[in-house]
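K.L.:
One structure, as structure tokens, below. Some questions next.
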Amino acid sequence: MNKFIDIANIYNLFLKLEERRALSPIIEDVVDVPLIENEKEELLDVVQYIIKRTPSFKKTIKNILNLMIEYDFANTPSVDKNYDIYLKKTFSNYDLLYEIDLFTHSTNVAYETLKLSKQGNTAGINVMCALLHDFGKSLAVKRLVHNSAKMSHEKISAKFLQDYLSSEALNGNREITKDVVDTVYQTINVQHSPVKIKNDFLKDLILADKNARTQEIIYVKKYIKPGSSKEEEL
């Protein structure tokens, strides 16, 4: 599997070919769609790999992926000048990240975090953290979170996921327990805080996010803006 796949663009092609909104489960819809073979394989590789590695949270992960489509992550920039001061300090090529949409970045982080995860619940919680960590950059999510204008994006993400996962549990999703909600909330809530909690999930999320950004900059420099010459500062 490629380290970086522009999954959002592939998914947009799927939507165009099917002429419908992707509000039903991803895997079931894609399996029988007559996409160009290599593009179909790439999409299935990424999504099925995530699902396969997280069997204990299969329903929840699929629901989150579909929320990302519903909230138009594919047309939402993955960086925001009002939020991402820490990225500017990390990457001299920060401006290149405007080429990466939020759906693609979130999926990349999920893929990267699986490299750091063990099997079982650890992998599932890591993927949930990865997919949910930047929900606060979505305009649709901001509108759903009270007083979001005064909150940083990770705080918006944390508040949204707390409400969303709690609702999933109340609606009969047995994958979600109070401990799961608390763990994901605490991890994302302090992602960019100078005071870090002792949490292996937070450690994995921060490293996976950084690794994904590194791959994204390499991808943009090679395929989208090949004239860029600065090297990323890690």
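The values are calculated or read from the model by the stated rules, or taken from the named source; none is laboratory data. The structure presented is a predicted model; accordingly, all values stated were derived computationally and were not measured. All Cβ positions, even for glycine, are placed from backbone atoms using ideal geometry, and neighbour counts span all protein chains on display.
K.L.:
Can residue 143 be described as charged (D, E, K, R), free of Cβ contacts under 8 Å to residues at least 24 places away in the same chain and under 20 Å from residue 80 (Cβ atoms)?
P.N.:
Here the answer is yes, as residue 143 does meet what is asked.
K.L.:
Taking the conditions exactly as written (part of a helix (DSSP H, G or I), at pLDDT 85 or above and more than 20 Å from residue 59 (Cβ to Cβ)), does residue 210 satisfy them or not?
P.N.:
Against the criterion (part of a helix (DSSP H, G or I), at pLDDT 85 or above and more than 20 Å from residue 59 (Cβ to Cβ)), residue 210 qualifies.
K.L.:
Among the numbered criteria (1) of a type in the set (S, T, N, Q); (2) in a helix (DSSP H, G or I); (3) surrounded by fewer than 17 Cβ atoms within 10 Å (Cβ to Cβ), which one does residue 173 miss?
P.N.:
Here residue 173 clears every test but (2).
K.L.:
Considering only residues that are within 15 Å of residue 78 (Cα to Cα) and not aliphatic (A, V, I, L, M), look in region 213-229 and name the one that is modelled with the lowest pLDDT.
P.N.:
Once the filter is applied, the top-ranked residue is 219.
K.L.:
Specify the residue that is nearest to residue 59 (Cα to Cα); the eligible residues are those in region 175-192 that are of a type outside the set (S, T, N, Q) and modelled with pLDDT under 95.
P.N.:
Result: 190.
K.L.:
Also: How many of the residues in region 138-170 are within 25 Å of residue 79 (Cα to Cα), assigned to a helix (DSSP H, G or I) and in contact with a helix residue (DSSP H, G or I) (Cβ under 7 Å, 6 or more places away or on another chain)?
P.N.:
The total comes to 14.
K.L.:
May I pose another question? Picking from 104, 90, which residue would you name as being buried (at least 18 other Cβ atoms within 10 Å of the Cβ), in contact with a helix residue (DSSP H, G or I) (Cβ under 9 Å, 6 or more places away or on another chain), under 19 Å from residue 207 (Cα atoms) and modelled with pLDDT under 90?
P.N.:
None of the others qualify; the one that does is 104.
K.L.:
If you don't mind, there's one more thing I want to ask. Quick check on my filter: what residues within region 186-203 are part of a helix (DSSP H, G or I) and either under 20 Å from residue 102 (Cβ atoms) or among the hydrophobic types (A, V, I, L, M, F, W, C) (or both)?
P.N.:
187, 188, 189, 201, 202
K.L.:
Now for a separate question. Name, by its number, the condition in (1) farther than 18 Å from residue 125 by Cα; (2) in contact with a helix residue (DSSP H, G or I) (Cβ under 7 Å, 6 or more places away or on another chain); (3) modelled with pLDDT of 85 or more that does not hold for residue 232.
P.N.:
Of (1) farther than 18 Å from residue 125 by Cα; (2) in contact with a helix residue (DSSP H, G or I) (Cβ under 7 Å, 6 or more places away or on another chain); (3) modelled with pLDDT of 85 or more, only one is false for residue 232: (3).
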